[in-house]
2 protein chains.
Amino acid sequence: MITETKTSTGETKQGVNILHARRLGIDTQYEAIVFMRSDCPICHSEGFSAQTRIRVSYKDQSVIATLFQTAPDMLEHGEIGLSESAWHRLGILKGETVSICHPRPLDSLSNLRSKIYGRPLEANAVRSIFEDIVSGRYSDIHLASFITACSARPLDHSEMVAFTGAMIDAGDRLQWDTYPVVDKHCVGGLPGNRTSPIVVAIVTACGLTMPKTSSRAITSPAGTADTMETLAPVDLDIAAMRRVVEKEGGCIVWGGAVRLSPADDTLIRIERALDLDSEGQLVASVLSKKIAAGSTHVILDLPVGPTAKVRSQNAAHALSRDLVAVALAFDVEARTVISDGRQPIGRGIGPALEARDVLSVLQGATDAPPDLRDKSIALAGHLLELGGTIEMGSGVKLAERALADGSAWNKFQGICEAQGGMRRPPEALHRHPVFAKESGKVTAIDNRRLAKVAKLAGAPGAKAAGLEVHTRIGTAVCVGEPLYTIHAEAPGELDYSLEYVQENNDIFELTEL
Amino acid sequence: MITETKTSTGETKQGVNILHARRLGIDTQYEAIVFMRSDCPICHSEGFSAQTRIRVSYKDQSVIATLFQTAPDMLEHGEIGLSESAWHRLGILKGETVSICHPRPLDSLSNLRSKIYGRPLEANAVRSIFEDIVSGRYSDIHLASFITACSARPLDHSEMVAFTGAMIDAGDRLQWDTYPVVDKHCVGGLPGNRTSPIVVAIVTACGLTMPKTSSRAITSPAGTADTMETLAPVDLDIAAMRRVVEKEGGCIVWGGAVRLSPADDTLIRIERALDLDSEGQLVASVLSKKIAAGSTHVILDLPVGPTAKVRSQNAAHALSRDLVAVALAFDVEARTVISDGRQPIGRGIGPALEARDVLSVLQGATDAPPDLRDKSIALAGHLLELGGTIEMGSGVKLAERALADGSAWNKFQGICEAQGGMRRPPEALHRHPVFAKESGKVTAIDNRRLAKVAKLAGAPGAKAAGLEVHTRIGTAVCVGEPLYTIHAEAPGELDYSLEYVQENNDIFELTEL
């Protein structure tokens, strides 16, 4: 870091590269962005082009940021504006100065270029890429290029193992004194598919250890952590989480307090924006989180459907093979379950609405959604067989019993209490049914657009927001019958989602009877 | 565009999606970005993730923009901040309102995904991608993904033809009443390589028509338009350009007044940021500009060197074959010249410094840089043979004569006068020599980092800035001898470039004698 430079007249002076940092409150998510006046010497000097990168340093921290120029009235002379990500990475105190200089080219970008041109990545190269990603040194366009390269040049087995290992090492890792430690994961794409809290309750009631760290929604209407938060606190640190698991054998907490495979969240955002799935990246993403969480036995749910993440049986089988093989390379036993991904699971979509479904299954309510109940039992059954000492084929029976005799519901209440006390999920004030425009049989439901409606209604930020699905594939509906009901906490959000519904009146495909 | 929506209470009202537009003066170059308060219903409702895209409309114009959230104190309630690119694309008047809504997914992105997964692009698919790019509908991450895909899945001949055609059609096209219309182009990477003004002067003095539209620097220290602008006005509209060409047979103007292959500039910015070259994209980029400018016969200069755009003779030959074949598909006769790209051409790097070299060659000065002179003569000779009616092998002699007898210099002055009057290039006040740290023979020069020094010194924004190279590959230098001299218009810029020089003292590679 050079902050003193010789000028043309030979003097040594504080260079132009010391600037007052100003927090602009602009949230760019991952990418660090800085703003400088277009009339400052540095902007002139960088010959400003798109994606100019500069290194900003504060004390012993530094970030590489993309430079945007601003009109003179937005910043004072000698000021630099920082995005939230740049501000937080540097840990700046108000009113302090930062120094700026040219970043050296990232070595890992030449590895990325090699991959693009067709050379498989060695483990060291993969490691250097993920270190740079986790340190925030990639811009969004570098991430986009990396994700595209992994789709255009599919990862082989060695690369998947290297990706998984590098993603684990780029974050924290949990260790447990018990064995086995079981976990489940769904590769996603299905709204409402909130089996985890039920599965944890069942298998821990049956004596297994299942310390579930779950995510908040990144692009979906609810993550397990969002749903669970309407029932109990989930924002536990590692010590608190350990206490819960020691007492109850399991927990359902937000994984954000522990940095498990943090590169994953960074990549997912860009993958979704590009709508690109690389199978190898998916394998590494799923397994790195589970392995970093200390799991030894894992059930992986692969829903298959035209609007789920996995579109065909063939793709599911290929993915299944890779998941099991890569898990094995890390001494983790994985079993995959290929499930029906053509429509949402349960009735609710959105944190509180899904929580209600979870409660009704655990409480054995007569109107509990049967699909959510059956799927939870099936997954719990697999997990009991995989991690337990029971006979193959008897898992489902054991899971059903834990649900029927109330032991799963008791265990769930125990976990909620241990996490800080059980809560009642909130209800939305504003509701609006969406009606069938014609009569017919429901032949398809677009999971993605339905999830979008729930998000536009405010989920997951507004906990009570989302929607309730009233019908399923194969059901006959009459014109004017409600297909689903939107729930919102504010009228503005309800309007915004209804506008989308007006433009998308074919989310439920109806075929003449 | 729905701006009135039914609310939950059944009223029709002006929705939350009408906002007051505020120009923030933030220059993001191509990508349109909008800023909204994090506490506004829409930010809530979009479930904000990175790369959220919204459509912003004003009168009959609309853009798709990336949404950044801001702290409440940056914008008023009901306000939306716009980047310069968003503001200009919409053509908003101060104080007006815009409406926002959800963008429909871009159809062309599914074509892009097909390409990533290995299917060659059909002509229609290519067309839809370029239409979206030119309309500003791609975000920078879409562009990064597209560029990466074209590198990971190289374009075949049909794709190159389709890319070239689509890039031509996405912009304007010039037509000339004369035949032939000649042009030259260098695929670049060589600083100081300012042959075009000399070549235009020579071949038009010999009777050919050469209406040269040239670019300003995108990522280099000077484009031909930047250099020429220090000698005469270059900012001519099409009518003015035609008058100059009718009178003098040629011109050297900035191509910005005519939108020739505008997608090219957009892509180049991201290509450079990723340091990715796709040969197919390069072919389409070069030829689309020449064909759109109405050229019928083109000389293409391919400098080869470790830090030039083309790194090896093999790569140059492959590129040459593709350029000639694709040009032929558009009835354009192209000839390629593979040249020495190991070091800069001429002495000056930067607009005014290169202009001085150009003048010295045209005026036949005894200290004119011989490499610039020889290369200009060679290229002009090829062009005279290609577009003229003279015998093969006699082009160089004719070009030499036009230079020696002063007819090229007279013609150049005539062109400058016709373009608005000849100017004297400015000189920089601040200069700083960079000395050899040891004695030895110059065995390599890093074109890219040398160009970076010139840019950091202020080129091309500061016309007089840049550097003068004092030595060439093969020359012996003594310790303390100046290798090059940095020129800057302001001390701050000089400091900034010197800081980079301190960190990069191996731009000239010296080997012990």
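The values are calculated or read from the model by the stated rules, or taken from the named source; none is laboratory data. If you're wondering where the values come from, they're calculated on a predicted model, not measured in any experiment. So basically every Cβ, Gly included, is an ideal-geometry build from the backbone, and we count neighbours across all protein chains shown. Each accessible area value is taken on the protein alone, full model and side chains, heavy atoms only, with ligands, DNA and RNA left out. Shrake-Rupley method; radii C 1.70, N 1.55, O 1.52, S 1.80 Å.
Tabulated values for the structure
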{"read-out": "Among A:L467, A:V477, A:F435 - extreme Cα towards positive end, dipole of segment A:422-492, charges at beta-carbon", "value": "A:L467"}
{"read-out": "Local electrostatic count at B:T204 - Lys and Arg +1, Asp and Glu -1, tallied over other residues with Cβ under 9 Å", "value": "0"}
{"read-out": "Ascending list, in nanometres, of distances separating the A:E503 label from those of the other copies (7 Å, Cα toward Cβ)", "value": "4.4"}
{"read-out": "Segments B:238-250, A:259-271 sorted - mean Cβ within 10 Å per residue, highest first", "value": "A:259-271, B:238-250"}
{"read-out": "Rounded if a/c under 1.5, otherwise prolate or oblate - segment B:291-354, Cα gyration tensor axes", "value": "oblate"}
{"read-out": "Options B:V453, B:A225, B:T97, ranked by Cα towards positive dipole end of chain B, top entry (Cβ charges)", "value": "B:T97"}
{"read-out": "Residues along segment A:262-283 losing 10 Å² or more of accessible surface when the other protein chains are present rather than the chain by itself (probe 1.4 Å)", "value": "A:R269, A:I270, A:A273, A:L274, A:D275, A:L276, A:D277"}
{"read-out": "Net dipole in debye of segment B:243-301 [+1 Lys, Arg Cβ; -1 Asp, Glu Cβ; about Cα centre; nearest 20]", "value": "320 debye"}
{"read-out": "Pairs of lysine residues in segment A:393-455 - Cα separation under 30 Å, sequence separation of 8 or more or cross-chain", "value": "5"}
{"read-out": "Accessible area that becomes buried as B packs against A, both chains, 1.4 Å probe, Å², nearest 100", "value": "6500 Å²"}
{"read-out": "Under 13 Å, Cβ to Cβ, from A:L450 - net charge with Lys/Arg +1 and Asp/Glu -1", "value": "+3"}
{"read-out": "Projected-area average for segment A:159-273 over all orientations - Cα convex hull basis, square nanometres", "value": "7.7 nm²"}
{"read-out": "Nm distances between copies for A:D405, ranked from closest, using label points 7 Å along Cα→Cβ", "value": "11.1"}
{"read-out": "Accessible surface of segment B:413-513 [probe 1.4 Å, protein heavy atoms]: carbon and sulfur percent", "value": "50 percent"}
{"read-out": "Cα-centre dipole for chain A with unit charges at Cβ (Lys and Arg positive, Asp and Glu negative), debye to 20", "value": "460 debye"}
{"read-out": "Compactness index (Cα Rg / 2.2 N^0.38 Å), segment B:182-419", "value": "0.93"}
{"read-out": "Per residue, in Å², the accessible surface of chain B once ligands and nucleic acids are set aside, probe 1.4 Å", "value": "38 Å²"}
{"read-out": "With Cα atoms, 0 to 90° folded angle of helix B:491-503 axis to chain B main axis", "value": "80 degrees"}
{"read-out": "Charge tally in the Cβ shell below 11 Å around A:L19, where Lys, Arg are +1 and Asp, Glu are -1, A:L19 excluded", "value": "-1"}
{"read-out": "Average Cα contact separation per residue, chain A, under 8 Å, 6 or more apart, as relative contact order %", "value": "14 percent"}
{"read-out": "Copies compared at B:D169 - label distances in nm, ascending, label defined 7 Å from Cα in the Cβ direction", "value": "5.0"}
{"read-out": "Relative packing of A:21-30, B:341-350, which averages over residues the other C-beta atoms within 10 Å, highest first", "value": "B:341-350, A:21-30"}
{"read-out": "DSSP-defined beta bridges in segment B:182-419 - what % are antiparallel, rounded to 5", "value": "0 percent"}
{"read-out": "Translational diffusion coefficient (Stokes-Einstein; Kirkwood radius from C-alpha pairs) of the protein assembly as shown at 20 °C, 1.002 mPa s, in µm²/s", "value": "68 µm²/s"}
{"read-out": "Rounded percent of accessible protein surface that carbon and sulfur make up, segment B:121-214, 1.4 Å probe", "value": "42 percent"}
{"read-out": "Per-selection metrics, chain B (Cα): Rg and Dmax in Å", "value": "25.2, 88"}
{"read-out": "Cα-centre dipole for segment B:182-419 with unit charges at Cβ (Lys and Arg positive, Asp and Glu negative), debye to 20", "value": "60 debye"}
{"read-out": "Peptide B:494-503 - average C-beta neighbours from other chains (10 Å radius)", "value": "6"}
